[in-house]
Structure formats: structure tokens, C-alpha cells
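Structure record follows, encoded as C-alpha cells.
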Number of protein chains: 2
Amino acid sequence: MLNQPANLDLMYQALADPTRRAMLERLTRGPASVSQLAEPFAMSLPAVVQHLQVLEGSGLVKTEKIGRVRTCTLDTTTMQQAEQWINDRRTAWGKRLDRLADFLGED
Amino acid sequence: MLNQPANLDLMYQALADPTRRAMLERLTRGPASVSQLAEPFAMSLPAVVQHLQVLEGSGLVKTEKIGRVRTCTLDTTTMQQAEQWINDRRTAWGKRLDRLADFLGED
């Protein structure tokens, strides 16, 4: 619909949960293994893995398994896309308001 | 959790749907009545109103009823909050990568 990439659905869905946002927050401090990522949460490892799968499916997080350890990293390119969509709409509307203000301010 | 405003859940949930994003897109071109907003969609008016309620609940859209017409407007302040959260995390992680690059580039 309206030429929007389909994965915006998945990105915003992933961001709409406080646990997943806290996991993203943790990853801004550097890559983490799944168990490091799970540490601060009072939930089972399978529950954490489920949240991680949503984040990975959205593209906001990349994971790589080396040996027995899966390491998670933020994908800032995807984050930028999620940010950009909002920014574009917000500024388009802001510019219209500015033009209206200019028009009303004219003599 | 982690000092995040609760309404980020509602904002990202509202953004996670292509119809609701198309409605926001429409509102960047100016305020619209509910029926104007419904026009491009092949769905019932109650379905449109339901999407609108999600947008209003998230704070991304404000509505005002004057007489029999309800007018919908974008709320750019809320949009900026949704954008800001992503931006802050993305740039925090970007800065860490820059510092790492500086460190690796040192003689």
C-alpha cells in the first residue's frame, strides 16, 4: 500500500514491546550473546529467544552463531529506515504548517 | 521498564499497520474529516474508525468534533517522540562504532 516497504510492519511491531526495546537498548552498548541479553529479564530463556526472533525478523537485530554462542548486534541501517519513515511524514506536515504561517503573515 | 514512556508501545503499535500509515500519510497533506480519510480505502467506515481510534489512542493523531464533522490532524510532537527513541539508540551505537574505528586506526 502506497509504496511502503512491507517490513515497516515488522519493524514497528518489534518496537512496540518494552522488553524488545530494552533488548535494543542493551545492544546499543555493544554486541551480546543470547544469555547476556537474557540476564536482566525475569523471564525464561525461550521467552527471550522468542522476542529475539521478532527483533531478528524485523531486521533491527542481526545474529551470528559462532560455535555454540549466538551473538546479537544492532542493525542501524534498518533502524534508520524505521526512523526515516516517521521523520519524512513529520517534516512534510511541518513544512505545510510553515507555509501556512508565511501565508497568514503576509501583508 | 528502563524509564521509557508507556505510550511508545501504543505509538509503534499504531505505526505497525499499512492502513494506519497510509492514513498518517494522508494527514501530512492537511487535516481531513473521517469520511475524507476513509475515501481511498476499500473498507467499511467502522473499520476506518477503528484504525483512527488506534491512531488517536497513540497520540499520533488528534481529532476534534465541530458540529457533526470530526476533523483529524497529525500530532507532530508525538511523532517526534517515536522518531527520537529510535534515533537516540541508533546514534548511541553509531558513536561506539566510531570510537572503535578511531581506536583501531590509532598508531
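In the set B:LEU45, B:LEU10, B:LEU104, B:LEU100, only one residue is out of contact with any His (no Cβ under 8 Å at 6 or more places or on another chain), in contact (Cβ under 8 Å) with a residue 24 or more places away in the chain and not small (Gly, Ala, Ser); that residue is B:LEU10. The condition of being at pLDDT 95 or above, open to solvent by 70 Å² or more (accessible area, probe 1.4 Å) and at negative phi does not hold for A:GLN80. When restricted to residues that are β-branched (Val, Ile, Thr), at the interface with another protein chain (Cβ under 8 Å from one of its Cβ atoms) and out of contact with any Asp or Glu (no Cβ under 8 Å at 6 or more places or on another chain), the range B:75-89 contains 1. Out of all the residues in the range B:7-27, is one or more farther than 23 Å from A:THR91 by Cα and more than 7 Å from chain A (Cβ to nearest Cβ)? The answer is no; no qualifying residue exists. Inclusion of B:MET79 among residues that are over 16 Å from B:LEU8 (Cα atoms), among the hydrophobic types (A, V, I, L, M, F, W, C) and in contact with a Leu (Cβ under 9 Å, 6 or more places away or on another chain) is not warranted.
Summed over the range B:42-77, residues that are of a type outside the set (Gly, Ala, Ser) and open to solvent by less than 20 Å² (accessible area, probe 1.4 Å) total 7.
A:THR63 passes every criterion in (1) among the β-branched types (Val, Ile, Thr); (2) in a helix (DSSP H, G or I); (3) within 24 Å of B:ARG99 (Cα to Cα) apart from (2). In the range A:40-53, the condition of being within 25 Å of B:SER58 (Cα to Cα) and more than 10 Å from chain B (Cβ to nearest Cβ) is met by at least one residue.
Of all positions in the range A:17-33, at least one carries a residue that is at pLDDT 90 or above, closer than 21 Å to B:ARG96 by Cβ and part of a strand (DSSP E or B).
Any chance the range A:95-107 includes a residue that's within 16 Å of A:LEU8 (Cα to Cα), more than 9 Å from chain B (Cβ to nearest Cβ) and part of a helix (DSSP H, G or I)? For the range A:95-107, residues within 16 Å of A:LEU8 (Cα to Cα), more than 9 Å from chain B (Cβ to nearest Cβ) and part of a helix (DSSP H, G or I): absent. Scanning the range A:82-97 for residues that are touching a residue at least 12 places away in the same chain (Cβ under 8 Å) and of a type in the set (Ser, Thr, Tyr) yields no hits at all.
Kindly establish whether A:LEU27 is surrounded by 15 or more Cβ atoms within 10 Å (Cβ to Cβ), over 26 Å from B:VAL54 (Cβ atoms) and among the aliphatic types (A, V, I, L, M). Yes; evaluated as a whole, the condition is true for this residue. Restricting attention to the range A:8-15, does a residue exist that is open to solvent by 80 Å² or more (accessible area, probe 1.4 Å), closer than 20 Å to B:MET11 by Cβ and either part of a helix (DSSP H, G or I) or among the polar types (S, T, N, Q) (or both)? For the range A:8-15, residues open to solvent by 80 Å² or more (accessible area, probe 1.4 Å), closer than 20 Å to B:MET11 by Cβ and either part of a helix (DSSP H, G or I) or among the polar types (S, T, N, Q) (or both): present.
The values are calculated or read from the model by the stated rules, or taken from the named source; none is laboratory data. Everything quoted here is computed from the prediction, not taken from an experiment. Glycine also receives a Cβ, built like all others from the backbone with ideal geometry; neighbour counts cover every protein chain displayed. These area figures cover heavy atoms from the full protein model, side chains too; ligands, DNA and RNA do not enter into them. Shrake-Rupley method; radii C 1.70, N 1.55, O 1.52, S 1.80 Å.
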